[in-house]
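Q: Just passing along the structure, written as C-alpha coordinates.
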Ligand SMILES: *Cc1c(COP(=O)(O)O)cnc(C)c1O
(Lines give C-alpha, C1' and ligand atoms only; values in the text may rest on other atoms or scores of the structure.)
Protein backbone atom coordinates (compact mmCIF):
# COMPACT_ATOMS: atom_id res chain seq x y z
CA UNK A 1 0.00 0.00 0.00
CA UNK A 2 1.19 3.50 -0.80
CA UNK A 3 2.32 5.36 2.31
CA UNK A 4 -0.29 7.72 3.47
CA UNK A 5 0.40 10.43 5.98
CA UNK A 6 -2.85 11.37 7.61
CA UNK A 7 -2.82 14.96 8.84
CA UNK A 8 -6.57 15.62 9.04
CA UNK A 9 -8.25 16.87 12.23
CA UNK A 10 -10.01 13.56 12.68
CA UNK A 11 -9.58 10.79 12.09
CA UNK A 12 -5.91 10.94 13.03
CA UNK A 13 -3.21 8.25 12.91
CA UNK A 14 -3.68 5.39 15.37
CA UNK A 15 -1.10 4.58 18.01
CA UNK A 16 0.70 1.27 17.15
CA UNK A 17 -0.05 -0.21 20.62
CA UNK A 18 -3.74 0.49 20.01
CA UNK A 19 -3.62 -1.09 16.54
CA UNK A 20 -2.10 -4.22 18.03
CA UNK A 21 -4.80 -4.82 20.65
CA UNK A 22 -7.51 -4.32 18.05
CA UNK A 23 -6.07 -7.26 16.11
CA UNK A 24 -6.52 -9.63 19.05
CA UNK A 25 -9.45 -12.06 19.32
CA UNK A 26 -12.52 -10.50 20.87
CA UNK A 27 -13.78 -11.55 24.29
CA UNK A 28 -17.10 -11.12 26.03
CA UNK A 29 -17.85 -7.86 27.77
CA UNK A 30 -19.89 -9.20 30.69
CA UNK A 31 -16.80 -10.66 32.31
CA UNK A 32 -14.47 -9.73 35.16
CA UNK A 33 -11.75 -9.36 32.55
CA UNK A 34 -13.61 -6.62 30.68
CA UNK A 35 -14.75 -4.93 33.90
CA UNK A 36 -11.09 -4.55 34.86
CA UNK A 37 -10.48 -2.89 31.50
CA UNK A 38 -13.37 -0.48 32.02
CA UNK A 39 -12.34 0.26 35.57
CA UNK A 40 -8.88 1.35 34.49
CA UNK A 41 -10.22 3.21 31.46
CA UNK A 42 -12.75 5.18 33.56
CA UNK A 43 -9.92 6.35 35.83
CA UNK A 44 -7.75 7.36 32.88
CA UNK A 45 -10.65 9.27 31.35
CA UNK A 46 -10.98 11.30 34.56
CA UNK A 47 -7.27 11.99 34.28
CA UNK A 48 -7.52 13.45 30.77
CA UNK A 49 -10.74 15.37 31.55
CA UNK A 50 -9.10 16.79 34.71
CA UNK A 51 -12.15 15.86 36.74
CA UNK A 52 -13.31 13.88 39.74
CA UNK A 53 -16.68 13.33 38.09
CA UNK A 54 -17.45 10.11 36.27
CA UNK A 55 -16.81 10.09 32.55
CA UNK A 56 -19.35 8.14 30.51
CA UNK A 57 -18.44 6.04 27.52
CA UNK A 58 -20.80 5.91 24.55
CA UNK A 59 -20.35 3.76 21.47
CA UNK A 60 -21.06 6.56 19.05
CA UNK A 61 -19.20 9.22 17.15
CA UNK A 62 -18.65 12.54 18.93
CA UNK A 63 -21.99 13.90 17.77
CA UNK A 64 -23.71 11.13 19.74
CA UNK A 65 -22.32 12.63 22.94
CA UNK A 66 -23.45 16.11 21.83
CA UNK A 67 -26.95 14.71 21.45
CA UNK A 68 -26.68 13.00 24.83
CA UNK A 69 -25.91 16.40 26.37
CA UNK A 70 -29.04 17.92 24.83
CA UNK A 71 -31.48 15.15 25.76
CA UNK A 72 -30.19 14.54 29.29
CA UNK A 73 -29.68 18.04 30.63
CA UNK A 74 -32.35 20.07 28.81
CA UNK A 75 -36.06 20.07 28.01
CA UNK A 76 -38.06 21.16 24.98
CA UNK A 77 -38.49 24.93 24.94
CA UNK A 78 -35.38 25.64 27.03
CA UNK A 79 -33.67 28.85 26.01
CA UNK A 80 -29.98 28.28 25.20
CA UNK A 81 -27.13 30.38 23.86
CA UNK A 82 -25.19 28.88 20.98
CA UNK A 83 -21.78 30.12 19.90
CA UNK A 84 -21.57 29.69 16.14
CA UNK A 85 -18.23 30.57 14.60
CA UNK A 86 -17.92 27.61 12.27
CA UNK A 87 -19.33 24.24 11.24
CA UNK A 88 -19.35 22.70 14.72
CA UNK A 89 -20.96 25.66 16.43
CA UNK A 90 -23.46 25.55 13.60
CA UNK A 91 -24.09 21.89 14.46
CA UNK A 92 -25.00 22.86 18.04
CA UNK A 93 -27.51 25.31 16.62
CA UNK A 94 -29.05 22.78 14.26
CA UNK A 95 -29.24 20.22 17.02
CA UNK A 96 -30.88 22.68 19.39
CA UNK A 97 -33.42 23.42 16.70
CA UNK A 98 -34.03 19.74 15.91
CA UNK A 99 -34.84 19.14 19.59
CA UNK A 100 -37.08 22.20 19.85
CA UNK A 101 -34.88 24.07 22.27
CA UNK A 102 -35.01 27.84 21.80
CA UNK A 103 -31.52 28.71 20.61
CA UNK A 104 -30.23 32.27 20.61
CA UNK A 105 -27.31 32.18 18.21
CA UNK A 106 -24.19 34.28 18.70
CA UNK A 107 -22.78 34.59 15.19
CA UNK A 108 -19.01 34.93 15.39
CA UNK A 109 -17.15 35.89 12.20
CA UNK A 110 -15.20 32.87 10.97
CA UNK A 111 -11.58 32.93 12.05
CA UNK A 112 -12.38 34.83 15.24
CA UNK A 113 -13.08 33.57 18.74
CA UNK A 114 -16.21 34.62 20.58
CA UNK A 115 -15.69 37.52 22.97
CA UNK A 116 -16.51 36.11 26.44
CA UNK A 117 -17.92 39.55 27.38
CA UNK A 118 -20.64 39.01 24.76
CA UNK A 119 -21.72 35.86 26.58
CA UNK A 120 -21.64 37.68 29.91
CA UNK A 121 -23.84 40.41 28.47
CA UNK A 122 -26.42 38.00 27.09
CA UNK A 123 -26.53 35.94 30.27
CA UNK A 124 -27.12 39.08 32.34
CA UNK A 125 -29.84 40.20 29.94
CA UNK A 126 -31.67 36.90 30.23
CA UNK A 127 -31.73 35.00 33.49
CA UNK A 128 -33.89 32.29 31.87
CA UNK A 129 -31.08 30.90 29.71
CA UNK A 130 -30.53 27.27 30.61
CA UNK A 131 -27.36 26.50 28.71
CA UNK A 132 -24.43 27.87 26.71
CA UNK A 133 -23.27 25.59 23.90
CA UNK A 134 -19.65 26.14 22.94
CA UNK A 135 -16.80 24.52 21.04
CA UNK A 136 -13.35 24.52 22.63
CA UNK A 137 -11.52 24.11 19.32
CA UNK A 138 -13.74 25.03 16.37
CA UNK A 139 -12.12 22.49 14.08
CA UNK A 140 -13.50 24.06 10.88
CA UNK A 141 -11.62 27.33 11.45
CA UNK A 142 -8.89 26.10 13.86
CA UNK A 143 -9.96 28.76 16.38
CA UNK A 144 -9.58 28.22 20.12
CA UNK A 145 -12.35 29.49 22.42
CA UNK A 146 -11.56 31.06 25.80
CA UNK A 147 -13.66 28.57 27.74
CA UNK A 148 -11.98 29.34 31.03
CA UNK A 149 -13.23 32.95 31.01
CA UNK A 150 -16.70 31.98 29.77
CA UNK A 151 -16.96 29.55 32.69
CA UNK A 152 -16.54 32.42 35.14
CA UNK A 153 -19.80 33.88 33.81
CA UNK A 154 -21.82 30.68 33.69
CA UNK A 155 -20.84 29.92 37.28
CA UNK A 156 -22.84 32.97 38.41
CA UNK A 157 -25.86 31.98 36.37
CA UNK A 158 -28.19 29.00 36.20
CA UNK A 159 -26.99 28.24 32.63
CA UNK A 160 -24.93 25.11 32.10
CA UNK A 161 -21.71 25.52 30.16
CA UNK A 162 -21.64 22.71 27.62
CA UNK A 163 -18.30 22.29 25.87
CA UNK A 164 -17.75 20.38 22.65
CA UNK A 165 -14.10 19.49 23.23
CA UNK A 166 -14.15 16.70 20.66
CA UNK A 167 -11.03 17.82 18.81
CA UNK A 168 -9.44 19.35 21.89
CA UNK A 169 -9.20 16.96 24.82
CA UNK A 170 -5.82 15.32 24.81
CA UNK A 171 -4.23 18.25 22.96
CA UNK A 172 -5.57 21.50 24.42
CA UNK A 173 -5.51 22.35 28.07
CA UNK A 174 -9.05 21.74 29.32
CA UNK A 175 -9.60 21.52 33.08
CA UNK A 176 -13.15 20.59 33.82
CA UNK A 177 -13.10 20.89 37.62
CA UNK A 178 -10.68 23.76 38.00
CA UNK A 179 -12.42 25.89 35.38
CA UNK A 180 -15.94 24.89 36.41
CA UNK A 181 -17.21 23.33 33.19
CA UNK A 182 -20.64 21.67 33.47
CA UNK A 183 -20.70 19.26 30.55
CA UNK A 184 -17.62 18.24 28.56
CA UNK A 185 -17.63 16.04 25.49
CA UNK A 186 -14.95 14.38 23.44
CA UNK A 187 -14.47 11.66 20.84
CA UNK A 188 -11.93 8.91 20.25
CA UNK A 189 -10.63 9.83 16.78
CA UNK A 190 -9.04 13.23 17.30
CA UNK A 191 -6.34 13.66 19.96
CA UNK A 192 -7.01 10.34 21.67
CA UNK A 193 -5.09 8.27 19.12
CA UNK A 194 -7.62 5.56 18.23
CA UNK A 195 -10.17 5.14 15.40
CA UNK A 196 -13.63 6.77 15.38
CA UNK A 197 -16.42 5.08 17.28
CA UNK A 198 -16.28 6.07 20.94
CA UNK A 199 -17.50 9.27 22.56
CA UNK A 200 -17.07 10.44 26.13
CA UNK A 201 -19.10 12.79 28.28
CA UNK A 202 -18.62 14.09 31.80
CA UNK A 203 -21.02 16.28 33.77
CA UNK A 204 -20.79 18.17 37.04
CA UNK A 205 -23.29 18.51 39.88
CA UNK A 206 -25.05 21.56 38.46
CA UNK A 207 -25.72 19.60 35.27
CA UNK A 208 -27.00 16.55 37.12
CA UNK A 209 -29.41 18.76 39.07
CA UNK A 210 -30.81 20.16 35.86
CA UNK A 211 -31.01 16.59 34.49
CA UNK A 212 -33.64 15.82 37.14
CA UNK A 213 -36.03 18.15 35.29
CA UNK A 214 -35.23 16.95 31.76
CA UNK A 215 -38.36 16.05 29.83
CA UNK A 216 -36.87 14.57 26.66
CA UNK A 217 -37.65 10.95 25.86
CA UNK A 218 -34.40 8.97 25.70
CA UNK A 219 -33.21 5.42 25.80
CA UNK A 220 -29.84 4.54 24.25
CA UNK A 221 -28.41 7.91 25.29
CA UNK A 222 -30.06 7.99 28.72
CA UNK A 223 -27.07 8.78 30.92
CA UNK A 224 -28.87 7.56 34.05
CA UNK A 225 -28.50 4.05 32.63
CA UNK A 226 -24.77 4.63 32.22
CA UNK A 227 -24.55 6.06 35.72
CA UNK A 228 -26.16 2.96 37.18
CA UNK A 229 -23.91 0.59 35.22
CA UNK A 230 -20.81 2.53 36.09
CA UNK A 231 -21.29 1.73 39.76
CA UNK A 232 -20.37 -1.82 38.75
CA UNK A 233 -17.64 -0.84 36.28
CA UNK A 234 -19.99 -1.64 33.44
CA UNK A 235 -21.85 -0.08 30.54
CA UNK A 236 -25.55 -0.64 29.79
CA UNK A 237 -25.21 -1.79 26.16
CA UNK A 238 -22.64 -3.77 24.19
CA UNK A 239 -19.73 -1.37 23.77
CA UNK A 240 -17.35 -1.24 20.82
CA UNK A 241 -15.14 -3.72 22.69
CA UNK A 242 -12.06 -3.55 20.44
CA UNK A 243 -12.08 0.25 20.56
CA UNK A 244 -12.36 0.19 24.33
CA UNK A 245 -9.24 -1.99 24.49
CA UNK A 246 -7.48 0.35 22.09
CA UNK A 247 -8.46 3.40 24.15
CA UNK A 248 -7.08 1.83 27.29
CA UNK A 249 -3.71 1.30 25.59
CA UNK A 250 -3.67 4.82 24.19
CA UNK A 251 -4.52 6.47 27.50
CA UNK A 252 -1.90 4.40 29.30
CA UNK A 253 0.65 5.81 26.88
CA UNK A 254 -0.82 9.29 27.38
CA UNK A 255 -0.58 9.08 31.16
CA UNK A 256 2.92 7.69 31.01
CA UNK A 257 4.04 10.78 29.12
CA UNK A 258 1.94 12.96 31.42
CA UNK A 259 -0.90 15.47 30.90
CA UNK A 260 1.27 18.57 31.13
CA UNK A 261 3.91 17.09 28.86
CA UNK A 262 1.46 16.07 26.13
CA UNK A 263 -0.20 19.50 26.16
CA UNK A 264 3.21 21.22 26.06
CA UNK A 265 4.41 19.00 23.20
CA UNK A 266 1.24 19.67 21.22
CA UNK A 267 1.61 23.42 21.80
CA UNK A 268 5.18 23.23 20.58
CA UNK A 269 4.16 21.34 17.42
CA UNK A 270 1.52 24.00 16.78
CA UNK A 271 4.17 26.69 17.06
CA UNK A 272 6.37 24.82 14.58
CA UNK A 273 3.52 24.44 12.10
CA UNK A 274 2.68 28.15 12.27
CA UNK A 275 6.34 29.10 11.89
CA UNK A 276 6.71 26.73 8.92
CA UNK A 277 3.68 28.22 7.16
CA UNK A 278 4.93 31.73 7.74
CA UNK A 279 8.40 30.78 6.48
CA UNK A 280 6.66 29.74 3.25
CA UNK A 281 5.03 33.16 3.04
CA UNK A 282 1.61 31.87 4.06
CA UNK A 283 -0.76 33.43 6.61
CA UNK A 284 -2.44 31.72 9.56
CA UNK A 285 -6.22 31.98 9.25
CA UNK A 286 -7.30 31.83 12.91
CA UNK A 287 -6.98 35.00 15.00
CA UNK A 288 -6.92 32.80 18.13
CA UNK A 289 -5.15 29.70 16.83
CA UNK A 290 -5.63 26.32 18.47
CA UNK A 291 -2.88 23.91 19.39
CA UNK A 292 -4.43 20.85 17.77
CA UNK A 293 -5.04 22.04 14.22
CA UNK A 294 -3.82 24.94 12.08
CA UNK A 295 -5.69 26.57 9.20
CA UNK A 296 -3.33 28.01 6.61
CA UNK A 297 -4.49 30.55 4.04
CA UNK A 298 -3.64 29.69 0.45
CA UNK A 299 -2.07 32.23 -1.88
CA UNK A 300 -4.19 34.01 -4.48
CA UNK A 301 -4.56 31.86 -7.58
CA UNK A 302 -4.09 28.51 -5.84
CA UNK A 303 -7.04 26.14 -6.13
CA UNK A 304 -7.29 24.60 -2.67
CA UNK A 305 -9.57 21.74 -3.63
CA UNK A 306 -7.20 20.69 -6.40
CA UNK A 307 -4.23 21.05 -4.06
CA UNK A 308 -5.76 18.74 -1.45
CA UNK A 309 -6.57 16.22 -4.17
CA UNK A 310 -3.03 16.28 -5.61
CA UNK A 311 -1.54 15.84 -2.16
CA UNK A 312 -3.83 12.92 -1.35
CA UNK A 313 -3.85 11.07 -4.67
CA UNK A 314 -0.36 11.71 -5.95
CA UNK A 315 1.75 12.40 -2.88
CA UNK A 316 0.19 10.28 -0.16
CA UNK A 317 -0.47 13.16 2.22
CA UNK A 318 -4.02 13.75 3.42
CA UNK A 319 -4.82 17.26 4.62
CA UNK A 320 -8.23 18.82 5.15
CA UNK A 321 -9.44 21.66 2.98
CA UNK A 322 -11.86 24.38 3.97
CA UNK A 323 -15.63 24.05 4.26
CA UNK A 324 -18.41 26.40 3.09
CA UNK A 325 -17.05 29.96 2.72
CA UNK A 326 -13.50 28.61 3.15
CA UNK A 327 -13.79 25.98 0.42
CA UNK A 328 -10.65 26.08 -1.70
CA UNK A 329 -9.16 28.92 0.37
CA UNK A 330 -7.42 27.18 3.26
CA UNK A 331 -5.85 23.89 4.22
CA UNK A 332 -6.09 22.50 7.72
CA UNK A 333 -3.20 20.55 9.14
CA UNK A 334 -3.67 18.63 12.39
CA UNK A 335 -0.89 18.21 14.96
CA UNK A 336 -2.58 16.30 17.74
CA UNK A 337 -2.55 12.77 19.10
CA UNK A 338 -0.13 10.44 17.39
CA UNK A 339 0.90 12.95 14.69
CA UNK A 340 4.62 13.52 15.07
CA UNK A 341 7.16 16.05 13.95
CA UNK A 342 8.46 13.78 11.15
CA UNK A 343 4.93 13.38 9.74
CA UNK A 344 4.58 17.15 9.66
CA UNK A 345 7.95 17.52 7.99
CA UNK A 346 6.94 15.09 5.23
CA UNK A 347 3.56 16.81 5.03
CA UNK A 348 5.09 20.25 4.58
CA UNK A 349 7.55 18.97 2.00
CA UNK A 350 4.69 17.61 -0.09
CA UNK A 351 2.58 20.72 0.57
CA UNK A 352 5.36 22.92 -0.85
CA UNK A 353 5.71 20.66 -3.90
CA UNK A 354 1.96 20.73 -4.53
CA UNK A 355 1.95 24.53 -4.24
CA UNK A 356 4.84 24.72 -6.71
CA UNK A 357 2.82 22.66 -9.21
CA UNK A 358 0.24 25.46 -9.12
CA UNK A 359 2.88 28.12 -9.63
CA UNK A 360 3.50 29.18 -6.02
CA UNK A 361 7.21 28.81 -5.44
CA UNK A 362 8.73 29.35 -2.04
CA UNK A 363 11.82 28.65 -0.01
CA UNK A 364 11.24 25.46 2.01
CA UNK A 365 14.48 25.01 3.95
CA UNK A 366 13.39 27.32 6.76
CA UNK A 367 9.96 25.72 6.95
CA UNK A 368 11.33 22.18 7.15
CA UNK A 369 13.86 23.22 9.76
CA UNK A 370 10.96 23.59 12.19
CA UNK A 371 10.52 19.82 12.27
CA UNK A 372 13.88 18.56 13.39
C1 LIG B 1 -14.87 16.05 14.79
C2 LIG B 1 -15.69 17.00 15.56
C3 LIG B 1 -17.05 16.77 15.82
C4 LIG B 1 -17.82 15.66 15.20
O5 LIG B 1 -17.60 14.47 15.67
P6 LIG B 1 -18.10 13.15 14.95
O7 LIG B 1 -17.22 12.17 15.62
O8 LIG B 1 -17.87 13.30 13.48
O9 LIG B 1 -19.52 12.99 15.29
C10 LIG B 1 -17.73 17.67 16.60
N11 LIG B 1 -17.14 18.76 17.07
C12 LIG B 1 -15.85 19.03 16.82
C13 LIG B 1 -15.26 20.29 17.36
C14 LIG B 1 -15.09 18.17 16.06
O15 LIG B 1 -13.82 18.46 15.79
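The values are calculated or read from the model by the stated rules, or taken from the named source; none is laboratory data. Just so it is clear, the model here is predicted, and its values are computed rather than measured. Methodologically, a virtual Cβ is constructed for each residue, glycine included, from the backbone with ideal geometry; neighbour enumeration extends over all protein chains shown.
Q: Look at residue 113 and say whether it is more than 12 Å from the ligand (Cβ to nearest atom), within 28 Å of residue 285 (Cβ to Cβ), in a helix (DSSP H, G or I) and within 20 Å of the chain's Cα centre (by Cα).
A: no
Q: Something else about it: Kindly provide the set of residues from region 329-372 that are surrounded by fewer than 18 Cβ atoms within 10 Å (Cβ to Cβ) and more than 21 Å from residue 292 (Cα to Cα), ordered by number.
A: Selection gives 353, 356, 357, 358, 359, 361, 362, 363, 365, 366.
Q: Report yes if residue 26 is outside any helix (DSSP H, G or I) and free of Cβ contacts under 8 Å to residues at least 40 places away in the same chain, otherwise no. Full working, then the answer.
A: Values: outside any helix (DSSP H, G or I): yes; free of Cβ contacts under 8 Å to residues at least 40 places away in the same chain: no.
In short, no.
Q: What number of residues in region 1-23 are at pLDDT 95 or above, part of a loop (DSSP other than H, G, I, E, B) and touching a strand residue (DSSP E or B) at 6+ places or on another chain (Cβ under 7 Å)? Please lay out each step first, then the result.
A: First, the residues of region 1-23 that are at pLDDT 95 or above: 5-23.
Restricting the remaining residues to those that are part of a loop (DSSP other than H, G, I, E, B) gives 7-15, 23.
Those left that are additionally touching a strand residue (DSSP E or B) at 6+ places or on another chain (Cβ under 7 Å): 7-9, 12-13.
So the answer is 5.
Q: Under the condition of being within 16 Å of the ligand (Cβ to nearest atom) and in a strand (DSSP E or B), which residue from region 122-136 is nearest to residue 87 (Cα to Cα)? Don't jump to the end; show me each part of the working.
A: The first filter runs over region 122-136 and keeps only residues within 16 Å of the ligand (Cβ to nearest atom), leaving 132-136.
Next cut, in a strand (DSSP E or B) only: 132-135.
Working: 132: 17, 133: 13, 134: 12, 135: 10 Å.
Out of the qualifying residues, it is 135.
Q: Of all residues being crowded, with 20+ Cβ neighbours inside 10 Å and in contact (Cβ under 8 Å) with a residue 40 or more places away in the chain in region 303-321, which is farthest from residue 190 (Cα to Cα)? Just the residue, please.
A: Going through the qualifying residues, I end up with 307.
Q: Mind listing just one residue for me: the one in region 137-157 that is assigned to a loop (DSSP other than H, G, I, E, B) and without any contact (Cβ under 8 Å) to a residue 40 or more places away in the chain and, of those, farthest from the ligand (Cβ to nearest atom)?
A: Here the answer is 156.
Q: Name every residue in region 159-182 that is surrounded by fewer than 24 Cβ atoms within 10 Å (Cβ to Cβ) and free of Cβ contacts under 8 Å to residues at least 40 places away in the same chain, in order of residue number.
A: Correct list: 179, 180.
Q: State all residues of region 43-88 that are over 26 Å from residue 195 (Cβ atoms), away from the ligand (no atom under 16 Å from the Cβ) and in a strand (DSSP E or B); if no residue qualifies, say none.
A: Correct list: 79, 80, 81.
Q: Suppose we keep only residues that are without any contact (Cβ under 8 Å) to a residue 12 or more places away in the chain and closer than 30 Å to residue 310 by Cβ within region 1-23. Which one would you say is surrounded by the fewest Cβ atoms within 10 Å (Cβ to Cβ)?
A: 1
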